Amino acid sequence: MPRPPSAHAVVGCGRVAPNHVDAFRALDGWTVAWACDRDPATAAAFAGEYGIPRVTGTIDDVLADPDVVSVSIVVDHAQHAGLVERALRAGKHVLVEKPLALSVEEGERLLRIAEECGRVLSVVSQHRYDPLVVGLSDWLSAGLLGRLLYVRSVLEASRDESYYKDSYWRGTWEGEGGSALINQGYHCLDVTRAVCGELTVVSAMARAGELFGTMRTEDTLCALLAAGPVPVSFAVTVGSTVTWRTRLEFVGTGGTVELDLDHPGKLHRAWGNPELERRAAALDPAAEEASPGTDYYGISHRRQAADFAAAIASGKQMAADARSGLAMVRLITGLYDAAGLPRVPAAGGA
């Protein structure tokens with residue numbers, strides 16, 4: 001007997017929303033039933049472009065629909081915690097774009113609510129599902145890199161002044177909770193942590209309030225972290241002339257792997273022993289489809305949505321669950337503290 005359809009709603013119709021529509025439409029038996037945005041005209045235009053049947057300017061309509069099983073929260077950072085809580089308490093499963101929240105205390109609260117309500121809560125970490133990242137984790141587990149000596153994780157990006165000036169939330173501590181680190185650099189750091197395990201902050205340095213007059217938050221942050229005994233260098237900037245370039249390098253006594261997270265992902269080096277090279281050659285990430293949205297977002301939202309749906313159906317633990325999202329909030333908070341940058345409470349959302 002076929003399964004009954006599961007309805008999903010997308011709350012927030014901005015840059016990454018097309019990836020959520022694509023991801024849930026790729027699931028057997030799922031439909032995207034609602035497009036919701038604080039600007040009803042934006043929601044209507046998005047729904048028209050992607051053929052979504054119902055449109056609203058308020059999340060109340062979405063949460064009142066008994067057919068809606070789950071929602072994507074794809075809004076500005078400061079609204080994440082408030083909207084996630086409302087959706088969980090309304091009985092919906094939640095997939096929220098990073099970060100989970102702007103403070104550790106808010107993140108811990110959301111985890112408790114998800115557990116109390118018996119609902120799946122997941123933070124978007126799509127690159128954890130990239131074939132190259134999964135392959136690298138397997139190669140490390142199999143000992144194909146030997147003893148890990150050091151890791152380097154870098155994102156070089158460019159954002160112009162209009163990106164911040166024309167936004168009501170970007171470039172502010174209250175709305176974005178930071179900038180280069182919490183927004184652009186998040187995924188490089190998240191993948192590094194997923195591959196290496198928990199990271200501790202040794203030192204950090206940042207530059208804030210200097211790139212544009214309208215941007216109060218950091219444009220550049222560099223840090224030294226540790227994965228147990230392994231040194232990890234991390235750097236991110238949005239002040240480069242390069243639009244988007246990532247590099248993750250893992251150097252061990254038995255082999256070296258260098259890759260990027262840019263769509264469709266590229267393995268630059270896998271060198272050191274025949275088995276590592278054989279397994280690396282078997283991966284062909286360039287064969288992946290083009291992203292439905294911004295090219296470097298990739299298509300792994302589909303893989304995370306499939307993991308999310310499986311968790312709803314069976315209760316299985318996700319590769320990118322709420323606890324990993326909370327750990328990232330703790331790590332980012334630690335980096336900002338080490339760099340001497342201010343922390344502010346999240347503004348919440350309605």
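The values are calculated or read from the model by the stated rules, or taken from the named source; none is laboratory data. This is a predicted model, so every value here is computed, not measured. Heads up, the Cβs are rebuilt from the backbone with ideal geometry, glycines too, and the neighbour counts pull from every protein chain shown. Just the protein is used for accessible areas: all its heavy atoms, side chains included, with ligands, DNA and RNA removed. Shrake-Rupley method; radii C 1.70, N 1.55, O 1.52, S 1.80 Å.
When the residues of region 242-268 are narrowed to those that are of a type in the set (Ser, Thr, Tyr) and open to solvent by 10 Å² or more (accessible area, probe 1.4 Å), which ends up nearest to Pro229 (Cα to Cα)?
Narrowing region 242-268 to residues of a type in the set (Ser, Thr, Tyr): 243, 246, 253, 256.
Then drop every residue that is not open to solvent by 10 Å² or more (accessible area, probe 1.4 Å), which leaves 243, 253, 256.
On the way: Thr243: 34, Thr253: 14, Thr256: 18 Å.
By that ranking, first place goes to Thr253.
Condition (residue is of a type outside the set (A, V, I, L, M), in a helix (DSSP H, G or I) and within 30 Å of Lys92 (Cβ to Cβ)) applied to region 253-273: is it met by at least one residue?
From region 253-273, those of a type outside the set (A, V, I, L, M) are 253-256, 258, 260, 262-266, 268-269, 271-273; that's our starting set.
Cutting the leftovers down to in a helix (DSSP H, G or I) gives us none.
No, every residue in region 253-273 fails to be of a type outside the set (A, V, I, L, M), in a helix (DSSP H, G or I) and within 30 Å of Lys92 (Cβ to Cβ).
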Got a number for residues in region 12-38 being open to solvent by less than 20 Å² (accessible area, probe 1.4 Å) and of a type in the set (S, T, N, Q)?
1
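Yes/no per residue for (1) within 15 Å of Phe24 (Cα to Cα); (2) assigned to a loop (DSSP other than H, G, I, E, B); (3) in contact with a Ser or Thr (Cβ under 9 Å, 6 or more places away or on another chain):
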{"position": "Phe46", "(1), (2), (3)": "no, no, no"}
{"position": "Asp61", "(1), (2), (3)": "no, no, no"}
{"position": "Val69", "(1), (2), (3)": "yes, no, yes"}
{"position": "Gln79", "(1), (2), (3)": "no, no, no"}
{"position": "Val94", "(1), (2), (3)": "yes, no, yes"}
{"position": "Leu111", "(1), (2), (3)": "no, no, no"}
{"position": "Arg128", "(1), (2), (3)": "no, no, yes"}
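Limited to region 39-53, what total is found for residues that are surrounded by fewer than 21 Cβ atoms within 10 Å (Cβ to Cβ) and either aromatic (Phe, Trp, Tyr) or touching an Asp or Glu at 6+ places or on another chain (Cβ under 6 Å) (or both)? Give the steps one after another, and end with the answer.
If we filter region 39-53 for residues that are surrounded by fewer than 21 Cβ atoms within 10 Å (Cβ to Cβ), which is where we start, we get 39-42, 44-45, 48-51, 53.
Applying the additional criterion that residues be either aromatic (Phe, Trp, Tyr) or touching an Asp or Glu at 6+ places or on another chain (Cβ under 6 Å) (or both) yields 50.
Final tally of qualifying residues: 1.
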Residue by residue through region 285-306, note down the ones that are open to solvent by 20 Å² or more (accessible area, probe 1.4 Å), assigned to a helix (DSSP H, G or I) and modelled with pLDDT of 80 or more.
Asp295, Tyr296, Tyr297, Arg302, Arg303, Ala306
Suppose we filter Val104, Val151, Val124, Val133 for residues that are touching a residue at least 24 places away in the same chain (Cβ under 8 Å), within 21 Å of Gly265 (Cβ to Cβ) and touching a Ser or Thr at 6+ places or on another chain (Cβ under 7 Å); which single one remains?
Val151
Odd one out for Pro231 among (1) open to solvent by less than 40 Å² (accessible area, probe 1.4 Å); (2) not in a loop (DSSP other than H, G, I, E, B)
(1)
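So, in region 143-169, exactly how many residues are touching a His at 6+ places or on another chain (Cβ under 9 Å) and surrounded by fewer than 20 Cβ atoms within 10 Å (Cβ to Cβ)?
The initial filter retains those residues of region 143-169 that are touching a His at 6+ places or on another chain (Cβ under 9 Å), namely 155, 169.
Then keep just the ones that are surrounded by fewer than 20 Cβ atoms within 10 Å (Cβ to Cβ); that gives 169.
Selection size over region 143-169: 1.
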Could you count how many residues in region 76-96 are open to solvent by 20 Å² or more (accessible area, probe 1.4 Å) and within 13 Å of the chain's Cα centre (by Cα)?
0
Subset tally (residues that are within 28 Å of His263 (Cα to Cα) and either of a type in the set (Phe, Trp, Tyr) or not in a loop (DSSP other than H, G, I, E, B) (or both)) for region 169-206
18
